[in-house]
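To start, the structure itself, in structure tokens.
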Amino acid sequence: MADGFILNVVSVDSFIFAMLTIIVDLTLQENVESLIQINEECRFSADSTDLVFELSQDIGEEFSKA
């Protein structure tokens with residue numbers, strides 16, 4: 001804080017959930033497609049893509065409950 005910044009460490013699923021909830025102009029599907037594109041461009045593992053799909057399903061269920 002003395003240097004003008006704060007570093008927070010959060011889990012991947014918490015980060016994805018937060019990003020999907022603050023970007024209100026895009027649908028869940030558009031957000032997931034964007035994350036998948038980022039995965040491909042950064043050459044993340046197939047497990048990363050699977051995690052995005054899994055979390056998007058969980059988040060979709062949470063949104064439908066609200």
Through the Karplus equation 6.51 cos²θ - 1.76 cosθ + 1.60, θ set to phi - 60°, convert the phi angles of region 44-52 into ³J(HN,Hα) values in whole Hz; use x for Gly and Pro.
6, 5, 4, 4, 5, 5, 4, 5, 4
Can you tell me what percent of all Cα-Cα pairs in region 1-58 are more than 14 Å apart?
60
Please report, in debye to the nearest 20, how large the charge dipole of region 1-56 is about its Cα centre when each Lys and Arg carries +1 at its beta carbon and each Asp and Glu carries -1 there.
140
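Since every read-out is calculated from the coordinates, none of them should be taken as a lab result. Everything numeric here is computed off the predicted structure, so don't read it as measured data. With ideal geometry, Cβ positions are generated from the backbone for all residues, glycine too; neighbour counts draw on all protein chains shown.
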